[in-house]
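Just so you know, all these numbers are worked out from the coordinates, no wet-lab data involved. Since the model is a prediction, treat every value here as computed from it, not as a measurement. All Cβ positions, even for glycine, are placed from backbone atoms using ideal geometry, and neighbour counts span all protein chains on display.
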Amino acid sequence: MNNILFIIPHPDDEIVGASVIIQKILKKKNLFFFFVTNGVISQKQQWFWERKGYEKKILKRNKEMKSAIDQLNIKKFYLQNIPTRSLKFNIEKTYEKILKIGELHKIDTIFCPAYEGGHQDHDVANFICSRLKDYFDIYEFAEYNFFQKKINSNKFIKPEKKDIIIELTEEEKKIKRKMLNIYLSESNNLNYISLKQESYRKLINYDYMKPPHQGTLFYRRFSFFDWHPRVDSDSPELICKCFAESKIF
């Protein structure tokens, strides 16, 4: 690992999944970030009375993102300004952008979220990166999942012997909590994150024609409220269909 690119679905995933990994393991490497969505749902998905404030929400999230990467001492980053939950419609475009960034900065290693059903954009990012194994070494980090009907933080659904698990010290927990608090716009969505550990490993082989695990995925926990903007109405089967129909499958 010399030149490392982090594929980050939304501003805050760099903290949720990898803040200690970045600061403790990779701090002496050349790190680059690519935020593949802006972290804000589209205007169409928002309550109609909130739609006029769409640009302000993006600006707020961008401000939080820049504060977070300053704390992580990241000097170079890229942002793809598309709404959250829309990465599945931008698979080929994102794939090509990663290749261009990789060529520009001589990237040899990529980190991305695990395929675990935490958020559809996380799973799409993992799928895209799985198609880049011929060009880069690919690692994945665990964020959160709802395997066996309970919230699991920073733990892989299927542990492997070569998983690298970092048990957080009290000081690291304190620092991570402070960094999570940077994202005030997501405070209601980040209160379930445990601060016990972080985990990463070489990307394993997944069956992308199936959801990450049986039962309810994390982002589908409240599917009976699909009419609510904060609830993802897309089924895991739809995400798998987008994978199968993509040009990079």
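Straight-line reach only, C-alpha to C-alpha below 16 angstrom: list the lysines that K24 could link to, leaving out same-chain residues fewer than 8 apart.
Filter leaves K173, K174, K176, K196.
So for the chain, averaging the separation of alpha carbon pairs under 8 Å that are six or more residues apart and normalising by length, what relative contact order in percent results?
It rounds to 23 percent for the chain.
In segment 138-209, which chymotrypsin sites (Phe, Trp or Tyr not before Pro) fall in coil by DSSP and have 15 or fewer other Cβ atoms within 10 Å?
Filter output for segment 138-209: Y192.
In whole angstrom, note down how far apart the Cα centers of segment 22-92 and segment 160-215 are.
When both Cα centres are located, 18 Å separates them.
Restricting to the chain, compute how many DSSP beta bridges are antiparallel as a %, nearest 5.
Within the chain, antiparallel bridges account for around 35 percent of the total.
Which trypsin sites (Lys or Arg not before Pro) in segment 157-188 pass both tests, a DSSP loop state and at most 15 other beta-carbon atoms within 10 Å?
Sparse-neighbourhood loop trypsin sites (Lys or Arg not before Pro): K161, K162.
Please label the shape of segment 128-249 as rounded, prolate or oblate, based on the square roots a ≥ b ≥ c of the eigenvalues of the alpha-carbon gyration tensor (a/c under 1.5 means rounded; beyond that, a/b larger than b/c means prolate, else oblate).
Note, shape of segment 128-249 comes out oblate.
Mind checking which aspartates and glutamates have their Cα closer than 17 Å to the Cα of K106? Skip sequence neighbours fewer than 8 apart in that chain.
Output for K106: E96, D134, D137.
Cα extents of segment 3-245 along the three principal axes, largest first, in whole Å?
Rounded to whole Å, the extents work out to 46, 38, 37 Å.
State the cysteines of the chain left without a partner when partners are defined as other cysteines whose beta carbon lies under 4.7 Å away.
Taking the Cβ cut-off of 4.7 Å, the unpaired cysteines of the chain are C240, C242.
Q23 versus Q43, label points 7 Å from Cα toward the beta carbon: distance in nm?
3.9 nm
Viscosity 0.890 mPa s, temperature 25 °C: give me the Stokes-Einstein translational D for segment 81-178 in µm²/s, with Rh taken as the Kirkwood radius over C-alpha pairs.
My calculation gives 161 µm²/s for D.
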